[in-house]
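S.K.: Have a look at this one before I ask anything.
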Amino acid sequence: TSTVSVPSSSRKVKVSDVADITRGDEVPVMGTSEVDLATATYIRLMHCEPAPEAEPSGDQLSVLSDILKTSGSCYVDLAIWGPHGIRIAKAMKLNGLILTPAGERTHQEFNGPPDYGHWAACFRVFMTAMVMLGVCSPPHLLAYAEMIGKFAKRYGQACWAVIYQVETRFRREQM
């Protein structure tokens with residue numbers, strides 16, 4: 001008996017369109033069999049199928065998988081990464097106070113989820129993808145999301161811009 005290997009898709013996706021606007025490279029999109037295997041991993045670890053609003057697109061899963069393999073990082077920009085894949089393609093904007101290098105606060109607009117609710121929806125897709133790829137334990141991701149939620153509740157919308165900046169920096173540099 002022989003098995004037939006299904007090759008990956010020959011289509012490519014730009015990393016900057018899906019996960020990180022600072023990267024100009026393209027990565028191959030996973031084939032159906034690879035996505036099915038990732039879904040099976042999620043089901044095995046979480047004992048359920050991913051919720052539709054939390055399921056990453058094939059493009060998102062492919063890009064995150066490549067980022068993990070090539071950089072050892074798991075950073076995705078939550079201004080462009082989120083539910084329903086391509087429908088979030090236009091980056092979200094966030095207004096708020098930020099700290100300048102001189103330690104002063106200034107009001108600025110930049111890319112990012114405008115509030116904790118939007119952040120949580122985007123992070124949930126990230127969390128699902130990380131579990132699907134088998135690279136992080138679900139309890140760690142759930143605890144991280146809960147911690148950010150506590151900060152958002154404790155300090156409120158007035159401090160969301162600072163919370164998001166710190167959270168982004170942590171995911172980019174430490175996670």
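The values are calculated or read from the model by the stated rules, or taken from the named source; none is laboratory data. Keep in mind that what you see is a predicted model, and the values were worked out from it rather than measured. Glycine also receives a Cβ, built like all others from the backbone with ideal geometry; neighbour counts cover every protein chain displayed. For the accessible areas, the whole protein counts, side chains as well, though only heavy atoms, and no ligand, DNA or RNA atoms are used. Shrake-Rupley method; radii C 1.70, N 1.55, O 1.52, S 1.80 Å.
S.K.: Give me the residue from segment 138-161 that is among the aliphatic types (A, V, I, L, M), in contact (Cβ under 8 Å) with a residue 12 or more places away in the chain and open to solvent by 60 Å² or more (accessible area, probe 1.4 Å) and, out of that set, nearest to Asp115 (Cα to Cα). Break it down into steps so the answer makes sense when it comes.
M.R.: Restricting attention to segment 138-161, the residues satisfying the condition of being among the aliphatic types (A, V, I, L, M) are 141-143, 145, 147-148, 152, 158, 161.
Right, trim to in contact (Cβ under 8 Å) with a residue 12 or more places away in the chain and you get 141-142, 145, 148, 152, 158, 161.
Restricting the remaining residues to those that are open to solvent by 60 Å² or more (accessible area, probe 1.4 Å) gives 142, 158.
Values: Leu142: 18, Ala158: 10 Å.
It comes out as Ala158.
S.K.: Any residue in segment 130-137 that is open to solvent by 80 Å² or more (accessible area, probe 1.4 Å), of a type outside the set (Phe, Trp, Tyr) and free of Cβ contacts under 8 Å to residues at least 40 places away in the same chain?
M.R.: Within segment 130-137, the subset open to solvent by 80 Å² or more (accessible area, probe 1.4 Å) is none.
Checked segment 130-137: no residue is open to solvent by 80 Å² or more (accessible area, probe 1.4 Å), of a type outside the set (Phe, Trp, Tyr) and free of Cβ contacts under 8 Å to residues at least 40 places away in the same chain.
S.K.: Given the conditions (1) at pLDDT 95 or above; (2) touching a helix residue (DSSP H, G or I) at 6+ places or on another chain (Cβ under 7 Å), and given that Ser65 satisfies all but one, which numbered condition is not satisfied?
M.R.: (2)
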